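The values are calculated or read from the model by the stated rules, or taken from the named source; none is laboratory data. What you are looking at is a predicted structure, and each value in this text was computed from that prediction instead of being measured. Cβ placement follows ideal geometry from the backbone for every residue including glycine, while neighbour counts extend to all protein chains displayed. Please note that ligands, DNA and RNA were not included when accessible areas were found on the heavy atoms of the full protein model with its side chains. Shrake-Rupley method; radii C 1.70, N 1.55, O 1.52, S 1.80 Å.
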Amino acid sequence: SVNSPMCLFSPEQFAGPYFKNDRLERFDITEGAAGVPLQLNLKVLHACTGEPVEGVLVDVWHCNAQGRYSGWSAVDPDQEAPSGEIGAIARTDEDTYLRGCGFTDRHGRREFLTIFPGFYAGRAIHVHVAVRKVLEHDHDRHVAYVGQLYFPELISSQINELPDYAGRKISRLTNAKDEIYSEMDGYGTLMDVGWINRGSKDERLLASAVIGIDPEAFSQHIKPEDFDKPTV
C-alpha cells in the first residue's frame with residue numbers, strides 16, 4: 001500500500017472581531033502609521049505536498065503601535081474587550097491603516113510592508129492572517145485558512161521600549177501567558193525576525209513565516225456568511 005504523506009498544517013486560530021473585507025490589494029499597508037518598519041515575508045505551501053500555492057489571496061491585519069485597529073480606532077486598547085468573533089464589536093470608523101491583501105506568486109510568496117504591531121489588553125503581540133481561494137462564482141468568500149503570527153519575546157521587549165510604543169497604562173502580555181498562543185505550543189506561528197539594511201534609510205525588521213494549508217478547505221473561522229455581517 002502507498003503511505004499517505006505527512007501533512008504539516010499551520011494551526012488555525014480565531015479571526016477575532018476586527019476583520020474587515022476591504023479587499024485592499026497593496027504591498028505597503030502602513031498609511032503613515034508610526035512605528036518600526038516591518039516587512040512580512042509570507043510563503044503559502046500545500047500542507048500535504050509541500051508545493052507552493054500560487055494565486056491565493058493573503059489578507060493581513062493588525063493593531064498600531066498603541067494597540068488600536070483601523071475600523072475600531074475608538075476601542076480602548078488598555079481595556080480588555082469582550083473576546084468574540086467577527087461582528088462582535090461595533091465598528092467606530094472607516095480607517096484602513098495596517099490592513100491589506102495580495103495574491104501569492106508562483107513560489108507561494110506574498111510580502112507586505114507595515115510596522116511592528118503594538119499590543120492590547122489580554123493578548124500577546126500578533127498579526128492576523130487569512131488565505132482565500134478566489135473563484136468568480138463565490139466573490140472571494142472561500143477562506144481556506146485563518147491564523148495568527150507571533151514575534152519572539154526578545155524583539156518584542158526591545159521594540160516596546162521605543163517612544164512610539166511606550167507610555168501604556170498596562171503591561172504587555174508575553175507569548176507564554178497568552179492562552180491563545182499557548183494552545184498551539186508555538187508550532188508554525190512564531191516568525192523568524194531580524195534586522196535588514198541596518199544604518200540605512202531602508203532599515204527595517206524582516207519577519208518570515210511559512211503557512212501550510214489545504215487550499216480546498218473551508219475555514220470555520222471566517223465563513224462565507226460572515227461577509228454579510230454589518231461590521232465586515
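Values as computed for the structure displayed
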{"quantity": "Residue that is in contact (Cβ under 8 Å) with a residue 24 or more places away in the chain, part of a loop (DSSP other than H, G, I, E, B) and touching a Leu at 6+ places or on another chain (Cβ under 9 Å), where the choices are E31, E54", "calculated": "E31"}
{"quantity": "Residue within the range 114-123 that is surrounded by fewer than 21 Cβ atoms within 10 Å (Cβ to Cβ), out of contact with any Ser or Thr (no Cβ under 6 Å at 6 or more places or on another chain) and part of a loop (DSSP other than H, G, I, E, B) present", "calculated": "yes"}
{"quantity": "The range 207-232, residues that are open to solvent by 20 Å² or more (accessible area, probe 1.4 Å) and touching a Leu at 6+ places or on another chain (Cβ under 8 Å)", "calculated": "S208, V210"}
{"quantity": "Count of the range 175-205 residues which are in contact with a helix residue (DSSP H, G or I) (Cβ under 6 Å, 6 or more places away or on another chain) and either part of a loop (DSSP other than H, G, I, E, B) or under 14 Å from Q39 (Cα atoms) (or both)", "calculated": "1"}
{"quantity": "Residue satisfying all of: in the range 124-159; modelled with pLDDT of 95 or more and in a loop (DSSP other than H, G, I, E, B); nearest to M191 (Cα to Cα) among these", "calculated": "F151"}
{"quantity": "Among (1) in contact with a Ser or Thr (Cβ under 8 Å, 6 or more places away or on another chain); (2) open to solvent by less than 10 Å² (accessible area, probe 1.4 Å) - the single one A65 does not satisfy", "calculated": "(1)"}
{"quantity": "Total residues in the range 87-103, condition part of a loop (DSSP other than H, G, I, E, B) and surrounded by fewer than 23 Cβ atoms within 10 Å (Cβ to Cβ)", "calculated": "11"}
{"quantity": "Residue check, D59 open to solvent by less than 30 Å² (accessible area, probe 1.4 Å), acidic (D, E) and out of contact with any helix residue (DSSP H, G or I) (no Cβ under 8 Å at 6 or more places or on another chain)", "calculated": "yes"}
{"quantity": "Test: Q79 is in contact with a Gly (Cβ under 6 Å, 6 or more places away or on another chain), polar (S, T, N, Q) and open to solvent by 10 Å² or more (accessible area, probe 1.4 Å)", "calculated": "no"}
{"quantity": "Test for Y150: is it farther than 15 Å from F19 by Cβ, more than 17 Å from the chain's Cα centre (by Cα) and open to solvent by less than 10 Å² (accessible area, probe 1.4 Å)", "calculated": "no"}
{"quantity": "Filter pass, S219 being closer than 14 Å to H126 by Cα, modelled with pLDDT of 95 or more, of a type outside the set (A, V, I, L, M) and not in a helix (DSSP H, G or I)", "calculated": "no"}
